[in-house]
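Before any comments, here is the structure.
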Amino acid sequence: MASPKSQPVETVLGNAAKRLGTAKGLRGGHILLHLKGTGGGVYHLDCSAGPPKVVKGAPRAAPTIEVIGDAKRILAIIEGKKDGRRQFLAGGIRVRGDLRYLSDLALELGIIKEPL
């Protein structure tokens, strides 16, 4: 049986932004994603005012969190198809900024089951 096809990057990130909007631990700022490879690009989740939204490109202000890695892998983590903690510890995904904050958000959203 073939694995389910991933949704377009904007759809996956849009769904993540909606889920972030319900997170109690969400703080103002930007989460920058450098998605490399097929289906990638530079996007950020703008959590600075109002509900979080997806914006193509880097924010003008310094991001709170920056995630760099393979687009397919990161999108699969966001969609819940791959374990985020396992993928991070295996390497290939770099994170800059507030790792504790990222871990707390990922736990709250069910992206990881154990803190980083």
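Evaluate the charge dipole of region 9-109 about its Cα centre and quote only its size in Debye, nearest 20, assuming +1 on the Cβ of each Lys and Arg and -1 on the Cβ of each Asp and Glu. Mind showing how you got there, number by number?
Numbers: 17 positive and 9 negative charges, 23 e Å.
The calculated dipole for region 9-109 is roughly 120 debye.
Mind checking the full-extension length gain between E114 and K18? Use 0.36 nm per residue of separation minus the Cα-Cα distance, one decimal, nm. Walk me through the numbers on the way to the answer.
Numbers: separation 96, 0.36 × 96 = 34.56 nm, distance 2.23 nm.
Stretched out fully, the E114 to K18 stretch lengthens by 32.3 nm.
For R60 paired with R86, estimate the spin-label separation in nm (one decimal), with each label point 7 Å from Cα along the Cα-to-Cβ line.
4.3
Would you calculate, for the chain, the mean residue ellipticity at 222 nm contributed by helices, counting each DSSP H stretch of 4 or more residues as -39,500 (n - 2.57) and dividing by all residues, to the nearest 500?
Working: 4 runs with 39 residues, N = 116.
The helix contribution divided over the chain gives -10000 deg cm²/dmol.
Along the charge dipole of region 9-109, which of T38, G97, I78 sits closest to the positive end, that is, farthest toward it, with unit charges on the beta carbon of Lys, Arg, Asp and Glu (+1, +1, -1, -1)?
Toward the positive end, the furthest listed residue is T38.
For region 6-86, what is Rg from Cα atoms divided by 2.2 N^0.38 Å, rounded to two decimals? Please list the in-between numbers first.
Numbers: Rg = 11.9 Å, N = 81, 2.2 N^0.38 = 11.7 Å.
Relative to the rule-of-thumb radius for its length, region 6-86 sits at 1.02.
Do you know the relative contact order of region 9-109, to the nearest whole percent, from alpha carbon pairs under 8 angstrom that are 6+ apart? All intermediate terms of the calculation are to be shown ahead of the outcome.
Details: 172 pairs, mean separation 28.5, N = 101.
Normalised by residue count, the contact order of region 9-109 is 28 percent.
Measure off 7 Å from each Cα along the Cα-to-Cβ vector at I68 and R100, then give the distance between these two points in nanometres to one decimal.
2.4
Here, each number is a calculation from the coordinates, and none is a lab measurement. This structure is a prediction, so every number in the text was calculated from the model and none was measured. Cβ sites come from the backbone with ideal geometry, for glycine too, and all protein chains shown count toward neighbours.
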